[in-house]
Structure formats: C-alpha cells, structure tokens
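Structure, as structure tokens:
Derivation of every value follows stated rules applied to the coordinates shown; laboratory data play no part. A quick note: this is a predicted structure, and the numbers were derived from the prediction, not measured. Neighbour counts run over all protein chains shown; Cβ positions are idealised from the backbone, glycine included.
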C-alpha cells in the first residue's frame with residue numbers, strides 16, 4: 001500500500017489529475033460558448049434555425065451533421081487555446097532553459113571561431129588559433 005500511496009502522491013499524477021479536471025471544465029465552457037453564441041451566428045448566416053437540425057438524406061436515411069459541426073467547432077477552439085496558451089509558452093520556456101545550459105563540461109568554445117573544442121586544447125582544430133592555457 002505504501003508504493004501505491006507514493007505513486008498517487010507524486011507530482012506528475014496530481015498534475016495530470018488537475019489537468020484533466022480543468023480540461024473537462026474548460027470543455028463545458030467552450031461547448032456552452034459554441035451552443036449559445038456561435039451556433040446562432042452560424043444559423044443566421046446559413047438561414048437555418050438550428051445548426052443541430054442540419055442533415056442530408058441518402059436513400060431515405062437522414063444523416064444529421066449539425067451536431068458534428070458544433071463538436072468540430074468546439075474542438076478547434078479548444079485546440080487553438082491549448083496551442084497558444086500552453087504549447088507555445090512551454091516551448092519558449094524550454095528554449096530559454098536550454099539556451100543557458102552547458103551541455104558538456106569537457107568542452108569549451110573557441111574565442112575566435114566559436115566552435116566547440118576540448119577543454120584541454122591549446123590550439124583550435126577548426127581555425128588553428130592558439131589558445132591561452134586558461135580554461136574558458
């Protein structure tokens with residue numbers, strides 16, 4: 001039981017649970033936005049009273065595509081929000097975090113050509129410049 005408790009209380013599991021709850025709440029807000037504002041707007045443009053009542057018939061069978069269009073609009077809004085408010089900022093943070101990090105402590109940059117060379121090198125193999133014996 002201790003192993004299960006450690007697993008549940010790890011940060012990743014709790015973060016995931018919070019994300020799922022927030023996502024579900026956000027989904028209901030976006031669905032409401034589509035249902036109350038965008039669907040009537042589309043109905044005005046298309047001339048149909050209700051988007052959900054849109055259909056086409058094939059051999060006497062009705063294919064109701066209006067609800068699908070509403071769900072597609074909701075999905076696109078959620079995808080745009082997640083992309084612009086989660087994915088782009090996280091990518092930017094990762095770039096900033098990686099830009100200041102030294103990857104290999106056994107290498108240094110040549111002060112003349114900025115190529116990566118061994119930290120013990122006294123001459124750059126790329127530009128053949130003589131380097132001081134100090135670590136850079």
So for the pair residue 92, residue 116, with labels modelled 7 Å out along Cα→Cβ, what separation do we get in nm?
2.7
Determine, for 130, 59, the number of other Cβ atoms within 10 Å of each Cβ, and report the residues in order from fewest to most.
59, 130
Based solely on C-alpha atoms, express the radius of gyration and the Dmax of the chain in angstrom.
28.6, 87
Any chance you could give the angle, 0 to 90 degrees and rounded to 10, that helix 88-99 forms with the longest Cα principal axis of the chain?
10
Simple spin-label estimate for residue 5 and residue 107 in nanometres, 7 Å along Cα-Cβ
4.7
Over the chain: helical MRE at 222 nm, DSSP H runs n ≥ 4 each giving -39500 (n - 2.57), nearest 500
-16000 deg cm²/dmol
Centre separation in Å (Cα based) which lies between the stretch 67-132 and the stretch 9-56
35
Let's test the formula: R0 of 22 Å, r as the Cβ-Cβ distance of residue 68 and residue 45. What FRET efficiency results, to the nearest 0.05?
0.80
